[in-house]
1. Take peptides 172-184, 9-21, 204-216, 52-64 and line them up by average Cβ neighbours within 10 Å, highest first, as a rough protection proxy.
2. Name the long-range amide H neighbours of Glu82: under 5 Å, sequence gap of 5 or more, or other chain; modelled H, no Pro or chain starts.
3. Report the relative contact order of the chain, percent, no decimals, based on alpha-carbon pairs under 8 angstrom and at least 6 residues apart.
4. Leaving ligands, DNA and RNA out of it, report the carbon-plus-sulfur percent of the accessible area of region 36-95 at a 1.4 Å probe.
5. Cβ neighbours within 10 Å, averaged per peptide: list 136-149, 226-239, 267-280 in order, most packed at the top.
6. If I stretch the segment between Ala208 and Glu10 completely, what's the gain in nm (0.36 nm per residue apart, minus their alpha carbon distance), one decimal?
7. Can you give the net charge of the other residues whose Cβ lies under 9 Å from the Cβ of Thr95, counting K and R as +1 and D and E as -1?
8. Along region 54-59, what does the Karplus equation 6.51 cos²θ - 1.76 cosθ + 1.60 (θ = phi - 60°) give for ³J(HN,Hα), rounded to whole Hz, x for Gly and Pro?
Amino acid sequence: MTGKSMTPEEVVGQLRSGMTLGIGGWGSRRKPMALVRALLRSEVTDLTVISYGGPDVGLLAAAGRIRRLVAPFATLDSIPLEPHFRAARERAAFTLTELDEAMFMWGLHAAANRLPFLPVRAGLGSDVMRVNPELRTVASPYEDGEELVAVPALRMDAALVHLNRADRLGNAQYLGPDPYFDDLFCEAADAAYVSCEQLVETAELAKAGPPQSLLVSRHSVTGVVETPGGAHFTSCVPDYERDEAFQKLYATTPWPEFAERFLSGASEHDYQSAVRTWHEEQQK
């Protein structure tokens with residue numbers, strides 16, 4: 001069978017400094033963290049990151065890899081504001097384009113449909129227009145003449161997403177409660193890389209969930225990576241919940257200390273081993 005299987009390192013090998021990189025998931029939910037950690041082990045930097053931000057943004061910001069961030073928020077969910085994002089933003093480590101959640105979604109839709117923008121009402125009458133003076137409005141060409149925000153397409157050079165299951169051709173499936181727009185990230189990017197908890201045969205995807213759970217189609221996927229636990233410490237239900245204890249450690253530990261203990265290894269295996277060791281220590 002012809003397949004698109006890759007390793008995390010092979011995925012990162014396709015990325016370059018200065019790229020615009022989309023990262024799927026939502027807050028601290030089903031983030032492609034193994035791919036983000038592989039990115040941290042590389043020299044790739046100066047990125048424009050497009051994300052419903054969570055610890056993916058926090059890690060990259062703390063490591064100094066972000067030049068510009070486009071996001072509606074950066075949160076750990078149970079911890080409202082991502083602390084490493086906040087610290088980096090307070091020291092003006094990158095520029096921020098902060099959009100309304102709906103504006104962000106329509107920017108993804110515009111990019112996925114290869115449109116330059118989409119007209120929306122979201123953002124009108126809010127400070128989004130004030131803090132983003134580059135945003136423009138357009139008038140409806142019809143009789144109503146309504147003024148609308150022209151939300152620009154959020155095109156990406158590459159996108160990283162994490163799903164529960166996938167086949168080797170790049171079809172991917174979510175089994176949790178929410179798709180988190182991962183399909184739009186893939187379709188809005190020139191190249192898309194899917195990590196998953198488990199690679200299965202194509203026929204098994206139909207057995208695992210309803211048709212609508214088959215979120216990502218192979219036509220929009222460049223490569224697929226099997227990474228069990230690859231969303232840790234974010235949630236990837238029903239496979240596992242968020243590791244709240246470890247997330248609290250991440251949020252409260254100075255970045256150099258956290259990075260040295262958990263991110264200085266040569267592989268994802270080293271990271272997961274370090275996490276297991278830490279959990280064992282907590283039981284003593």
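1. Per-residue mean Cβ counts within 10 Å order the peptides as 52-64, 172-184, 9-21, 204-216.
2. Amide H neighbours of Glu82, under 5 Å, 5+ apart: Ala74, Thr75, Leu76.
3. Relative contact order of the chain: 20 percent.
4. Carbon-and-sulfur percentage of accessible area, whole number: 51.
5. 226-239, 267-280, 136-149
6. Working it through step by step, the gained length comes to 68.5 nm.
7. In short, +2.
8. Coupling constants for region 54-59: x, x, 4, 5, x, 4 Hz.
The values are calculated or read from the model by the stated rules, or taken from the named source; none is laboratory data. Keep in mind that what you see is a predicted model, and the values were worked out from it rather than measured. Positions of Cβ are backbone-derived with ideal geometry, glycine not excepted, and every protein chain shown enters the neighbour counts. In case anyone asks, the SASA skips ligands and DNA or RNA and just uses the protein heavy atoms, side chains included. Shrake-Rupley method; radii C 1.70, N 1.55, O 1.52, S 1.80 Å.
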